[in-house]
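Since every read-out is calculated from the coordinates, none of them should be taken as a lab result. Predicted model, so just to flag it, every value in this text is computed and none were measured. Note that each Cβ is placed from the backbone with ideal geometry, even for glycine, and that neighbours are counted across all protein chains shown.
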Amino acid sequence: MNLLHFGIFIIIINSIIINVNSNVISIKNENDLINSFKSDNSIDTLVIKVNRNIEILQDIEIKDCNYNKVSISGNSVDTSILDFRNNYLGFIFNNKNITEISINKVTIKGNLFFKNYDYKITISNSVIKGGIDLYNSNSTNNSSITFNKVEYYGGTNNKDNCMNLYGNVNITNSHFYGSSSCKDSILSYYGENINSIEVNNSSFDGVYSNNCISIIYSNESNIKSSTFERGAAFVEGGGAIRATESYISVNECTFQDNYTPHNGGVFYIFNCYSFEANNIEVYNAKAINKGSLLYMYSTSNFKTYGSITNSMQTDDGVDERNILGGGVIASVEGYSNLYVESFTGENLDSGYGIGAFTLNYASTIELMEITLTNISGSNVGGVLFTSENEESGSSFKVNGGTFTDFHQKSSRESSSLIRSSKNIEIVLENCEITEIYTKKGNFIYTMAPSTVELNNVYLEGHYSNDLVNLIQCDALNNSDICKLTLSDVTISTFESMNGIIVVYNGDISITNSYFTYSYTCLYSELCDYQLYSDDKSDGFIAYLGTGTNMTIESTTIESILGNIGFKAEKQTNINIIDSTVTYCSFYYSFIMIDTSSEYKYGHYLIENTVFDTNGGDCGSIINIEEIDENSSIIFNDSTFHANYASYGGVIYTASKLTPKYVSFNNCEFSNYKNTANEGFISYSLSKEYEPKISNIDELREGEKTFSTNPVGIKFMDDSIQTFSILSGERIPEGIKCEFIDDYGNIPIFKYESIDQKVSSISNYVFFNLEVEDKDNLAIIGKPISYCVLSGCSFPLIKIIGNPGTHKLKFQVDSYGPFKKFDNDSFEIEFTIEKCDESKFAYRDIENVGLKSCFSPQCLQNCNSGRCISNNVCNCTNTNRKGQFCNEYYKLERNIPIDYTIRITAFVLMGISLIIMITIVYYRQNNILKSGSIDFLVLILIGVLVNCFYIVTLTIGNKTKDLCIISYLTTNLGFTLVFGSITVKTYRIYRIGIKRRTMYLLVLIIGVVHALLLISWIITDTIKTEVDYTNDKKEFHRCYYPETKIFSILFNLIILYLGWHLTYACRNFRKEFNEQLNAPIYAYVLTMVFIEIISLEKGINIVVQDLFIAIGTIIHTIFVIHFIYIKKFYYIIFGMDVDFNSIMVTTNTKSSNPMLSNKNMIIKSRPDGKVTSTFGSQFATKSEMRNSTFSSQFLDRSESQSPLNSPQLDRIDVPKSSISIASPTTPTEKPNNNNN
């Protein structure tokens, strides 16, 4: 308690002393504030108390006063506010006497400027909204500024930085917010190489407008336990922290959503002395150019060393801005060195860029215990590491890396893990790599001179959409060497393999490693480059350029599916020692030598190596097409177990120099039985082509352990070896031969039939049968055939020739899987017997100039004919024709009659057209007008249609279209001609019918037929079928659906109506009823006749067409004559109708004896009055109109008709049936008996 009392006592005494030496002023307004700095200057300390919101309209400059200390304090930031009303106003401290400035518990909405002198500034528990500038122009450099529990909001007027600070800066427990009015940084610090900045437990929010902190020339920069978010560096790189020529240390900080379109999404380190980041967490950092987490560059004078330890980085993928450069984690450039340890990264996407790490020039990157998951990129480069423009001394080293789920999205040639140029050392140690996906990316790509070293590396799952290499090192010239070392490396599941290792010039060492489950596009479901599906050049273990040396020791190569084990150019050496090759399949063999190819050379030394269950096509282990001094293969103390191939289970050789350059010394061959079609161990062109094998004599004792290419041909044991035939007969079945090799083995042909699916037709052995004596022999049929499993069977050809002994030659044309050999033909002797012409026909039926001896045979029945030769029938005295008398003669039309009918039709067409023109010309004539000109023309159109129908009847080949046209024309003609005549007759029968009603009746007839025809066309029921005459002549007939009966019945009804109306008007004088009786009767008779003929199936089509044409011509002539010709006769000879005199006849007895059965003359007088010969007794107009008037009378114009005269009010006749007699013509005299 004594100590507590003593502390309180000291505080009280201190307060008394301070108050004695202080001037405490409470301000209420702007003037109080201004005047406070003009108070008693003898006081050491000025204390300004702010207890309210004070608005300030001008700058407050503290320049001329003698205070040493200035304190601005308030009660709280909510109640103590100094509000400068414009954002360019604020406090300006420009006083050499002031050394300490304190701001506490106030809110200042304005700028703070500290100029020219050293100040010790403390801002605590306050809110600052505006710019802060601390400038120092003297040389003492004793300025300092401390922020404690400060909320800062940048809000200055269009400045580069919100805060510009010098001296020593200490920031604790504070929060800083940027502003769009600041162009670059929230805080720009200039340490002058002697001062330091320290940030602890604070936060910076750049609001996507500002870099958070920019540090230049700092002697020491310590940033701890702070948060940086939404930093955005648009002027220069470094979204969160930018440092130049400084010492930087960042510990236990969090970085969220920092961004720059330049370099360094979080850190931009330029020529710094050191950079350390420990225990940091980074979320959603992005630099569009390079280095989303870190961009570090240094010149050769600085050689910056940077480190990131115990840190993590992740990205939630929300930001859609795409990286264009690289280094989604770090970009290290110039002469910089980066060390990363205990780092975790996940979900990092390089966008359009590439590389978690990038490097150039002489920089180095070393990673220790790093874990990266779900990393992706889309540009040329490596997803983990990309470098360019490297200089000697650059390196990329990883120790303890775990890399999972990498995605290389570029469609161009790129790398899925590492890609560099040259002059670089690449080391991977103790790494586990899984699930690598790429479109077209090699796993590691570099160029010589370079060093690539993999120690204790495990790779499982490398998947590509295109052919790629695992490790590739290119060389531009022979002096550039690539050194590749693989030790304790496991490669498992490498899909779409082009090659595992490709080195164009260098040294390769592989020890204690394991390669398994690697295969080409042919075996990969992912590979979408189908052009490679049949390419045999891809899929190899290693490609070695000229001068390259390779050593494989204590390594297992297992389950590799490719096309060739090694591709080696000249001057290459491959040593395989104490290794195992098992369960591999190489189409062109594990080792292939062919001097015709630039990459099939090499000197191989293989010692104490096991080859177990490997496959190929021609030799599973070695395939030698041609060898010379540039290549050699030596096997020492090696084991070959159960290796298999189509030809040569282990060895295939086609070179005569093979025994000179290939040898097997003290090697063991086991379990080789039935491992190849030919040669369980070795297959060669002949014995002299075989390699040197130390125990060959022992191995030859086994059946078919050694085989060779065929050397000859012989008959099979069960084959026919000679035969006799008649000329023109087939050779007998059962002539077979087989090939034989140098060991007496019978080679087995690979396929049972040519229908089996094989890669190429060239895999078959084809042969040809030939005869040399072509003057006396000829082969009929296909003499070319092929050999199958059971041998070569002769095709069953026919041989035509003169009697005697001849030879048939067997000649191999293509050799399939075999090489060409000398004895590739042989001959078989046969006899052609003399033909017994009493039993056989003997003639040249094949048109080859040689006769065949045969019994005539016709494959089909000759019907009523006779077989006279092979498949030839004599059809004489039959009504058929054709090769087998199975074809009918076509019914021929009578051409003269057809032409006569056509000419008649065309003449009638011409007459109709002339009449039509004449009617138009005389259209004002009373005779034509009385016959209704429009219907006269309509009937003529129907006549033209009928004439066209007549022409169609003369066409012989009845098609479906012609059947449709025939039905259409005959019924359209019927509608226009007979329909119109019937309607005109109906108008005579019923006076007063309207003209539009007449048109409607004609239209109804046509519509009925049109609807029927349309329905038939839609249902496709009109057909043409073959029919035959009684003497079996073939012709085509139109067949209409059964619904045609409705058309026929409808036409018969119309015909009946026309006949009936004509009969009802039979008592009319012929001049009165317009001569319609004869056309109607003719039409009725001919149409009935035509329908009967059409329905008769027993009449052939020519006769049927003839009768139909004649009937149509007859009723057409009647129509033309009686309806048109007689009218023109009256017109030509000057006759006309006198409509001024009309005779009315009563048909019943009248009460008036003068009217009973008498004629009454109605006259139109010159004065317009209408009178009757019988005086004043008249019928009314309406009664006259209801009588049966002739068409001539009613068709006159209203002005011409006497019944329309106003004077004709009555005709005093009975209202019984009244008929109007035909008016007298000028040449006729009135009948006195009727007057």
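Would you list Asp578, Asp741 from fewest to most Cβ contacts within 10 Å?
Details: Asp578 15, Asp741 25.
Going from least to most buried by this count: Asp578, Asp741.
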Worksheet entry | Spacing of the two label points (7 Å from each Cα toward its C-beta) at Asn97 and Lys63, in nm | 1.5
Worksheet item: Relative to the first principal axis of the alpha-carbon coordinates of the chain, what is the inclination of helix 1044-1064, with its axis defined by its Cα atoms, in degrees from 0 to 90 and to the nearest 10?
Response: 40
Discussion item. Checking the table Lys704/Lys820; Lys303/Lys439; Lys600/Lys809; Lys115/Lys286; Lys290/Lys440 against a 31 Å threshold on Cα-Cα, which pairs fail?
Written reply: Lys303/Lys439; Lys600/Lys809; Lys115/Lys286
Practice prompt. Could you go through segment 697-703 in sequence order and give the Karplus-derived ³J(HN,Hα) for each residue, using 6.51 cos²θ - 1.76 cosθ + 1.60 with θ = phi - 60°, rounded to whole Hz, and x for Gly and Pro?
Written response: 4, 5, 5, 5, 5, x, 5
Worksheet entry | Extension reserve of the Ile194-Lys149 stretch, reckoned as 0.36 nm per residue once the Cα distance is removed | 13.6 nm
Worksheet entry | segment 387-439 - percent relative contact order, Cα under 8 Å, separation 6 or more | 54
Worksheet item: Using the Karplus equation 6.51 cos²θ - 1.76 cosθ + 1.60 (θ = phi - 60°), what ³J(HN,Hα) coupling, rounded to whole Hz, does each residue of segment 219-236 give in order, writing x for Gly and Pro?
Response: 5, 7, 10, 10, 10, 10, 6, 10, 10, 10, 9, 6, x, 9, 9, 9, 7, 9
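Using the count of nearby Cβ atoms within 10 Å as a rough guide to exposure, how do Cys253, Cys212, Cys835, Cys885 rank from fewest to most? Working shown, then result.
Values: Cys253 25, Cys212 31, Cys835 19, Cys885 22.
Placing the least packed residue first, the sequence is Cys835, Cys885, Cys253, Cys212.
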Worksheet item: What Cys residues in the chain are without a partner cysteine, judged by a Cβ distance under 4.7 Å?
Response: Cys65, Cys212, Cys253, Cys272, Cys431, Cys584, Cys618, Cys667, Cys737, Cys947, Cys1065
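Rounded if a/c is under 1.5, else prolate if a/b beats b/c, else oblate: with a ≥ b ≥ c from the C-alpha gyration tensor eigenvalues square-rooted, which is segment 506-708? List each step's numbers first, then the result.
On the way: a/c = 1.40, a/b = 1.26, b/c = 1.11.
Rounded shape, in that the Cα axes give a/c under 1.5.
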Practice prompt. Multiply the residue gap between Val235 and Lys809 by 0.36 nm, knock off their C-alpha separation, and tell me the result in nm, one decimal place.
Written response: 197.5 nm
Discussion item. Using the basic label-point model (7 angstrom from Cα toward the beta carbon), what is the Asn879 to Lys714 distance in nanometres?
Written reply: 7.0
Worksheet item: Which of the peptides 976-984, 85-93 is most tightly packed, and how do the rest follow, judged by the mean count of other Cβ atoms within 10 Å per residue?
Response: 976-984, 85-93
Worksheet entry | Amide H within-cut-off set for His175, under 5 Å, with H built and near neighbours excluded | Val150, Glu151, Tyr152, Ser203
Worksheet, complete the sentence: Of all DSSP beta bridges with both partners in the chain, the antiparallel percent, nearest 5, is 15
Worksheet item: Could you name the lysines in cross-link range of Lys1023, using Cα to Cα under 26 Å and dropping any fewer than eight places away on the same chain?
Response: Lys890, Lys958, Lys960, Lys1032, Lys1033, Lys1044, Lys1097
Worksheet entry | Alpha carbon centroid spacing (whole Å) that separates segment 642-657 from segment 800-854 | 40
Worksheet item: How about Lys1127: which lysines have a C-alpha closer than 18 Å to its C-alpha, ignoring those fewer than 8 places off in the same chain?
Response: Lys929, Lys984, Lys1070
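Using the count of nearby Cβ atoms within 10 Å as a rough guide to exposure, how do Ser864, Ser1094, Ser126 rank from fewest to most? Kindly include the intermediate steps, with their values, before the conclusion.
Details: Ser864 12, Ser1094 17, Ser126 24.
Lowest count first: Ser864, Ser1094, Ser126.
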Practice prompt. May I ask you to compute the full-extension gain from Thr959 to Leu324, defined as 0.36 nm times their residue separation minus their alpha-carbon distance, rounded to one decimal in nm?
Written response: 221.3 nm
Worksheet item: If you take the charge dipole of segment 79-224 about its Cα centre, with +1 on Lys and Arg Cβ and -1 on Asp and Glu Cβ, which of Ser188, Asn104, Asn142 is farthest toward its positive end?
Response: Asn104
Worksheet, complete the sentence: If amide H atoms are modeled at 1.01 Å from N in the peptide plane, then the residues at a separation of 5 or more from Ala232, or on another chain, having amide H under 5 Å from its own are Tyr208, Ser209, Asn210, Asn211, Cys212, Tyr259
Practice prompt. Mind ranking 792-804, 772-784 by how tightly packed they are, going by the mean number of other C-beta atoms within 10 angstrom, highest first?
Written response: 792-804, 772-784
Worksheet item: When only C-alpha pairs under 8 Å and at least 6 residues apart count, what is the relative contact order of the chain, in percent?
Response: 3
Fill in: Estimated vicinal HN-Hα couplings, Hz - segment 1118-1125 in sequence order (Karplus 6.51, -1.76, 1.60; Gly, Pro = x)
4, 4, 4, 6, 7, 9, 10, 4
Worksheet item: Between Tyr208 and Asp507, how many nm apart are label points set 7 Å from Cα along the C-beta direction?
Response: 5.7
Fill in: segment 327-358 versus segment 90-111: alpha-carbon centroid distance in Å
44
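Just add up the charged neighbours of Thr299: K/R +1, D/E -1, any other residue whose Cβ is under 14 Å from the Cβ of Thr299. Could the numbers behind the result be given before it?
On the way: positive: Lys303; negative: Glu245, Glu333, Glu391.
Surrounding charge for Thr299 is -2.
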Worksheet, complete the sentence: Expressed in angstrom and rounded, the centroid-to-centroid distance over alpha carbons for segment 609-629 and segment 460-479 is 25
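Could you work out the relative contact order of segment 506-708? I mean the mean sequence separation of Cα pairs under 8 Å and 6+ apart, divided by the number of residues, in percent.
Values: 622 pairs, mean separation 29.1, N = 203.
Reported relative contact order: 14 percent.
Could you order the peptides 957-966, 196-205 from most to least packed, using the average number of other C-beta atoms within 10 Å per residue? Please list the in-between numbers first.
Details: 957-966: 15.4, 196-205: 21.3.
Output ranking for 957-966, 196-205: 196-205, 957-966.
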